[in-house]
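Written below as structure tokens is the structure these notes are about.
The values are calculated or read from the model by the stated rules, or taken from the named source; none is laboratory data. Quantities reported herein were computed from a predicted structural model and do not represent experimental measurements. Don't worry about glycine lacking a Cβ; one is built from the backbone with ideal geometry, like all the others, and counts go over all protein chains shown. The protein model used for the area step is the full one, side chains on, heavy atoms only, and it has no ligands, DNA or RNA in it. Shrake-Rupley method; radii C 1.70, N 1.55, O 1.52, S 1.80 Å.
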Amino acid sequence: MTGVSTVVVPAGGLGTRFLPATKALPKEMVPVGDRPAIQWGLEEAVASGIRRAVIITAPGKDLIKAHFSPDPELEAILVGRGSPELADRIHRIGRMCELEFVEQQQPLGLGHAVLCAADRLGGEEAVAVLLPDDLFWGTPPLLAQLIRAYTRERCTVLALRRCPRDQISRYGVAAVEGEGPVFHVSDVVEKPTPDEAPSDLALMGRYVLTQDVFRALSTTAPGALGEIQLTDAIRAVAGAGKVVGVEFTGDLLDVGTLDSWLATNAAIVWRDPDLGPALRSRIEELESTGE
Ligand code: UTP
């Protein structure tokens, strides 16, 4: 028994860094390889032992729910056309785990999005949070690495990755004690300058959050942009209680901007036994013709 059976998947943001692609298409629905980014996220969660997902959407982001809804007509057409395996894959998309959807009425920040799930969580001691615009590639799944730390430590767990100093100001950064790979986190600083950063360990888009983070979130005041920051609530808990961070193994690939999405697609397709050779020969062709 892991003690963590639910994941909250915040997908209510505006995706402004990937406009105009994300004007009507939710950022979480951009395809990576042969499936939308959010499906990769749910597959990771299920492979980590998660049995229920609460997906936070927003007005106008109905495509996310549509993707996970049953589509018996499509399945019947695929079977009729001699593609029963594809029909079976489609059948399983919405049945990976129990799914619930909650609408965040305004994009008031990641902390607010997570808080939107609070009344769906009942008495669970801890829940996982997975940001679907970061795809994990590796074994064991990233969320499983965090859940394993949670079962030992019984406190909030953060995913940490070493980051070059000149890029650190894009992230929340942990002040840590100990040797790792599981660190005690004494503080978290949101988007510090390289000089102010307490370490080179940046927070990535996976968490296990205990109830005290939800209590802190419900009293966290909105910051500069009117947004409620998850980092502020974690910071409050790190100061008063216990938070650990795991320097995880494996790759985390972002899809939140055009550049990162292109690079992520290339990385995933490159490793695919069917698609990889086709991509490589196309690149060779482009290089040789100088197109
Ligand atoms: P991001 O900050 O990367 O997403 O949040 P964003 O705000 O949609 O993107 P930009 O910065 O405008 O380009 C990480 C995750 O948190 C969700 C996003 O949907 C994304 O999956 N999120 C963010 C919410 O659910 N609600 C919010 O208010 C903000």
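Using 1/(1 + (r/R0)^6) with R0 = 35 angstrom and r between the beta carbons of I77 and A266, what's the FRET efficiency to the nearest 0.05?
Details: r = 32 Å, r/R0 = 0.91.
Computed FRET efficiency for I77 and A266: 0.65.
Take the Cα of T219, step 7 Å toward its Cβ, do the same at D200, and the gap between the two points is 3.8 nm.
You can think of it this way: the chain between E287 and V46 has 82.7 nm of extra reach, that is 0.36 nm per residue less the Cα-Cα gap.
In the chain, the calculated helix contribution to ellipticity at 222 nm averages -10500 deg cm²/dmol per residue, counting -39,500 (n - 2.57) for every DSSP H run with n ≥ 4. When the GluC sites (Glu not before Pro) in region 96-158 are filtered for DSSP coil states and for at most 13 other beta-carbon atoms within 10 Å of their beta-carbon, the remaining sites are E125.
Expressed per residue, the C-alpha convex hull volume of region 162-287 stands at 156 Å³. Suppose a student asked you for the relative contact order of the chain, using Cα pairs under 8 Å spaced at least 6 residues apart; what percent would you report? Taking the mean separation of contacting Cα pairs over the length of the chain, I get 22 percent.
Of all DSSP bridge pairs formed entirely within the chain, close to 60 percent run antiparallel. On alpha carbon coordinates alone, what is the Rg over Rh value for the chain, Rh being the Kirkwood radius? Rounded to two decimals, Rg/Rh equals 0.98. The Cα atoms of region 115-189 cover 41, 28, 28 Å along the three principal axes, with the biggest extent listed first.
Roughly speaking, to the nearest percent, how much of the chain's 1.4 Å accessible area is carbon and sulfur? The C+S portion of the solvent-accessible surface of the chain is 54 percent. Note on R282: accessible area is roughly 100 Å² with a 1.4 Å probe, heavy atoms of protein only.
Backbone amide hydrogens, once placed in the peptide plane, bring V8 within less than 5 Å of V54, A128, V129, L130, excluding anything fewer than 5 places away on its chain. Please state the shape class of region 60-183: rounded when a/c is under 1.5, otherwise prolate if a/b exceeds b/c and oblate if not, all from the C-alpha gyration tensor. Cα axes put region 60-183 in the prolate bin.
Helix 142-153: angle to the longest alpha-carbon principal axis of the chain, degrees 0 to 90, nearest 10? Approximately 30 degrees, to the nearest 10. At q = 0.16 Å⁻¹ the log10 of I(q)/I(0) for region 66-106 amounts to -0.47, computed by Debye summation with a single uniform scatterer per C-alpha, solvent ignored.
Take the alpha carbon atoms of region 35-114, find their center, do the same for region 232-260, and report the distance between the two centers in whole angstrom. Region 35-114 and region 232-260 have Cα centres spaced 24 Å from each other. Relative to the longest principal axis of the C-alpha atoms of the chain, give the angle of the C-alpha long axis of helix 230-240, reported between 0 and 90° and rounded to the nearest 10°. So the inclination is approximately 30 degrees. Can you give me the angle between helix 258-271 and the longest principal axis of the chain, using Cα atoms only, in degrees from 0 to 90, rounded to the nearest 10? With both axes taken from Cα atoms, the answer is about 60 degrees.
Distance between the 7 Å Cα→Cβ label points at D166 and R95: 5.2 nm.
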